[in-house]
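Colleague: The structure's right below; bear with me while I get my questions together.
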Protein chains: 2
Amino acid sequence: MEQRISIRDVAAHAGVSPSTVSRVLNGQDADHMRPETKERILATIKELDYTPVRAAQRLRRRKTQALGVLIPDISNLYFSLLTRGVESVAFTEGFSTLVCDSNHETDRESAYLDFLLSEGVDGIVFVPVGRPDLDLVQRLTDRGVRVIVADRRVDGLTTVDADNVGGSRDLAAYLLGLGYREIAYLAGPEEVSTAEDRLAGFRGAMKTAGQTPAAVVRGQFTFQSGYDHAVTILERRAVDAIIAANDLMAIGAIRAAEDRGLAVPDDLGVAGFDHVPWAALVRPQLTTVEVPAYAIGQEAGRRLLDGSEDSLRLPTTLIPGGTCARRRRTK
Amino acid sequence: MEQRISIRDVAAHAGVSPSTVSRVLNGQDADHMRPETKERILATIKELDYTPVRAAQRLRRRKTQALGVLIPDISNLYFSLLTRGVESVAFTEGFSTLVCDSNHETDRESAYLDFLLSEGVDGIVFVPVGRPDLDLVQRLTDRGVRVIVADRRVDGLTTVDADNVGGSRDLAAYLLGLGYREIAYLAGPEEVSTAEDRLAGFRGAMKTAGQTPAAVVRGQFTFQSGYDHAVTILERRAVDAIIAANDLMAIGAIRAAEDRGLAVPDDLGVAGFDHVPWAALVRPQLTTVEVPAYAIGQEAGRRLLDGSEDSLRLPTTLIPGGTCARRRRTK
DNA sequence: GTGAAAGCGCTAACAC
DNA sequence: GTGTTAGCGCTTTCAC
């Protein structure tokens, strides 16, 4: 910020007052302004290569034109896509985006919330680690910082997330339609609303079809957890298919099946959730459900920008793949 | 930024002047200050829940205490790790990080450079898309914004990147040591210094060993490109091993080999570069080279913070895997 | 050891 | 249509 030329320099060079320059800069009264004056100012701006100092604008306007994004892990593809979504709408509106990575730590999360408060962001797209500190959030909203929760639900806060229940229900219904009957479910951690929703969708579809789950076990959203729990299930019961709460677990389940000499999809159908792009490298291709992370980011950002308080649940997309291609597809 | 309480409110409540509060806030003259005064101020800050307004600090101090990160794609794991590295050092120093995603577009890249200039960031960690606009960079440095190029080399600019040449040389030497002789190389695009360096390392190792590459073909850093070019190579020549310029291409090559009925590693050794974590889901596990993206980000950020102009080349790590386990390992 | 005063660069009433 | 003026909230000489 060794900025040399200020708006006053531009004004002096153009032979006008700073306010006139400011008006040109902000497109105000553009109509009521003498075109030649405007031209001259624009030329001077270009000539001097003048760039307004955002800090001064923010201080004076008393709003920052900045959005915060607070996520658990930017190196997780899902969150980075969500971030890009927020950033894309922010950028087109001339807003800055402050990306903060809580690293799955609640301490860091609180620190960043404080930080975003002092930055004075106009709003925050927040993907909390577990249950967020509602008092802290309250402090922010009291000070005029809008907060939108993305990707998970938190009572009392506006949320933009995916229809995990519906997506999971559709997926289970799809497998039932293919003729699978003894279906086991690898659920995610119960503190995460996403995991709960997917499980609920699965249960709903099974109930509707008059079926009982062959097994429901809880694990973490990891490859290893998927592998381990799949082994357990396959040791205990003869199952038709395994549906995992995310792709990583599903791939773990595929490996577990292979290691036990079961062929996928001939001996066991497997399905996941998330549609991570590199799952396409797994063969056969994984049957899964796409979650619109980018769109969630965009919608959350848009709400922050236009002041809407509506929650939104975005539809997911079923992605059929070879891992569930065994039976009477053609009936 | 509907901030209510300012430093003057705190001062009034504590019965001191704003300057004294400011001194406490900035840890200045902490020794020369009457402890009880300091106590009182601290208590008032807590009581009123006062948070300084960064915009005002920045305007007054004439520096932003903010760093910019400009990368081609935040949803690429490599860049997101690099970003985390920058952010981690920035955060511990009380600096904000502005993450900008050029989406591999030079227009957007220029726009963001302008944007970062108006934000007045103190420095930028820059991963350019192809050859950057040096005039633009010059404009920034003229205005006191330091720029450090990360992950690739640009003449005349301070760089922090990985030792791609050395890593690639070591990898090739490793395969040669295992007894592979007819080694083909799948190179990346030649505009990218990273791709060139890896190819150069490969060539160097082959030359040192008195070997000639079985083939060298250029492609893109994608799965499909790896697959297609591997097919071409395997059709034309009997090769021992394929080394790809990155993991994605290597996995493509593995699939191509499998589709042609070749077993990996028994009929063909395959190696990659990058060590993407999900490559561990591929079996056998990929032989590859780890590039320290996080450390690169940290070092680049650190240079920005401490004003150092030294370039740095960080060592890579060879990750042996089952895809090159064929021969006389025990010799 | 603490206060008074000036000003960072900009915008928005309010004049004219 | 354009200029004048008064701050936004903070830091930092310079007094005392």
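The values are calculated or read from the model by the stated rules, or taken from the named source; none is laboratory data. Every value quoted in this text rests on a predicted model; they were computed, and no experiment measured them. Please note: Cβ atoms are built from the backbone with ideal geometry, for glycine as well, and neighbour counts cover all protein chains shown.
Colleague: With respect to B:D135, is the statement that it is surrounded by fewer than 20 Cβ atoms within 10 Å (Cβ to Cβ) and closer than 26 Å to A:R54 by Cα true?
Modeller: yes
Colleague: Something else: Check A:S96, A:S75, A:S6, A:S88 and return the single one that is within 20 Å of B:R143 (Cβ to Cβ), away from DNA strand D (no atom under 12 Å from the Cβ) and among the polar types (S, T, N, Q).
Modeller: A:S96
Colleague: Residues B:D155, B:D163: which one is among the acidic types (D, E), away from every other protein chain (no Cβ under 14 Å) and farther than 30 Å from B:G269 by Cα?
Modeller: B:D155
Colleague: Consider A:L175 against the criteria (1) closer than 20 Å to A:V239 by Cβ; (2) surrounded by 20 or more Cβ atoms within 10 Å (Cβ to Cβ); (3) modelled with pLDDT under 95: it satisfies all of them except one. Which criterion is unmet?
Modeller: (3)
Colleague: Check whether at least one residue in region B:39-48 is of a type in the set (S, T, N, Q), near DNA strand D (Cβ under 8 Å from one of its atoms) and within 27 Å of A:T141 (Cβ to Cβ), and report yes or no.
Modeller: Taking every residue of region B:39-48 in turn, none turns out to be of a type in the set (S, T, N, Q), near DNA strand D (Cβ under 8 Å from one of its atoms) and within 27 Å of A:T141 (Cβ to Cβ).
Colleague: How many residues are within 8 Å of chain B (Cβ to nearest Cβ), of a type in the set (D, E, K, R) and within 21 Å of the chain's Cα centre (by Cα) when one looks only at region A:99-115?
Modeller: Total meeting the criteria: 1.
Colleague: Follow-up. Checking the structure you have, find out if any residue of region A:209-221 is in a helix (DSSP H, G or I) and either buried (at least 23 other Cβ atoms within 10 Å of the Cβ) or within 14 Å of another protein chain (Cβ to nearest Cβ) (or both).
Modeller: No, there is no match, as no residue in region A:209-221 is in a helix (DSSP H, G or I) and either buried (at least 23 other Cβ atoms within 10 Å of the Cβ) or within 14 Å of another protein chain (Cβ to nearest Cβ) (or both).
Colleague: Take A:A90 and decide whether it is exposed (fewer than 15 other Cβ atoms within 10 Å of the Cβ) and among the hydrophobic types (A, V, I, L, M, F, W, C).
Modeller: So A:A90 fails the test.
Colleague: List the number of the failed condition for B:L25; all other conditions in (1) under 33 Å from the mean Cα position of the chain (by Cα); (2) more than 11 Å from DNA strand C (Cβ to nearest atom) hold.
Modeller: Condition (1) is where B:L25 drops out.
Colleague: Now for a separate question. Quick one: which of B:S118, B:S22 is within 30 Å of A:I5 (Cα to Cα), at the interface with chain A (Cβ under 8 Å from one of its Cβ atoms) and in a helix (DSSP H, G or I)?
Modeller: B:S118
Colleague: Return the residues of region A:36-69 that are within 9 Å of DNA strand C (Cβ to nearest atom) and buried (at least 17 other Cβ atoms within 10 Å of the Cβ); say none if nothing qualifies.
Modeller: Within region A:36-69, A:Y50, A:T51, A:P52, A:V53, A:R54, A:A55, A:A56, A:Q57, A:R58, A:L59 meet the criteria.
Colleague: Quick check on my filter: what residues within region A:277-288 are surrounded by fewer than 22 Cβ atoms within 10 Å (Cβ to Cβ), under 22 Å from the mean Cα position of the chain (by Cα) and touching a residue at least 12 places away in the same chain (Cβ under 8 Å)?
Modeller: Listed by number, the list holds a single entry, A:P277.
Colleague: Same structure, new question: Suppose the filter is within 11 Å of DNA strand D (Cβ to nearest atom) and at pLDDT below 95; does B:R34 pass it?
Modeller: No: the conditions fail for B:R34.
Colleague: Here's a check for you: in region A:277-301, which residue that is more than 17 Å from A:L171 (Cβ to Cβ) and in contact with a Phe, Trp or Tyr (Cβ under 6 Å, 6 or more places away or on another chain) is nearest to the other protein chains (Cβ to nearest Cβ)?
Modeller: Top of the filtered list is A:W278.
Colleague: Follow-up question, since we're still on this one. Let me confirm something: among A:L314, A:L318, which residue is more than 17 Å from A:A215 (Cβ to Cβ), modelled with pLDDT of 95 or more and either surrounded by 23 or more Cβ atoms within 10 Å (Cβ to Cβ) or more than 15 Å from the chain's Cα centre (by Cα) (or both)?
Modeller: A:L318
Colleague: I'd like to check something: does region B:4-12 contain any residue that is without any contact (Cβ under 8 Å) to a residue 40 or more places away in the chain and over 28 Å from A:Q57 (Cα atoms)?
Modeller: Within region B:4-12 (the criterion being without any contact (Cβ under 8 Å) to a residue 40 or more places away in the chain and over 28 Å from A:Q57 (Cα atoms)), the answer is no, since none of the residues qualifies.
Colleague: Next question, about the same structure. Taking region B:270-324 as the region of interest, how many residues are in a loop (DSSP other than H, G, I, E, B) and in contact with a helix residue (DSSP H, G or I) (Cβ under 8 Å, 6 or more places away or on another chain)?
Modeller: Residues in region B:270-324 being in a loop (DSSP other than H, G, I, E, B) and in contact with a helix residue (DSSP H, G or I) (Cβ under 8 Å, 6 or more places away or on another chain): 16 in total.
Colleague: Given A:A66, A:A56, A:A11, which one is within 14 Å of DNA strand D (Cβ to nearest atom) and within 13 Å of chain B (Cβ to nearest Cβ)?
Modeller: The conditions single out A:A56.
Colleague: Okay, next question. Restricting attention to region A:256-269, which residues are within 14 Å of chain B (Cβ to nearest Cβ) and either of a type in the set (S, T, N, Q) or not in a helix (DSSP H, G or I) (or both)?
Modeller: A:V264
Colleague: Next question. Filter region B:72-81 for residues that are more than 7 Å from every other protein chain (Cβ to nearest Cβ) and either out of contact with any strand residue (DSSP E or B) (no Cβ under 6 Å at 6 or more places or on another chain) or in a loop (DSSP other than H, G, I, E, B) (or both); which is nearest to B:R302 (Cα to Cα)?
Modeller: Result: B:Y78.
Colleague: Determine which member of the set A:G94, A:G144, A:G130 is at the interface with chain B (Cβ under 8 Å from one of its Cβ atoms) and part of a loop (DSSP other than H, G, I, E, B).
Modeller: A:G144
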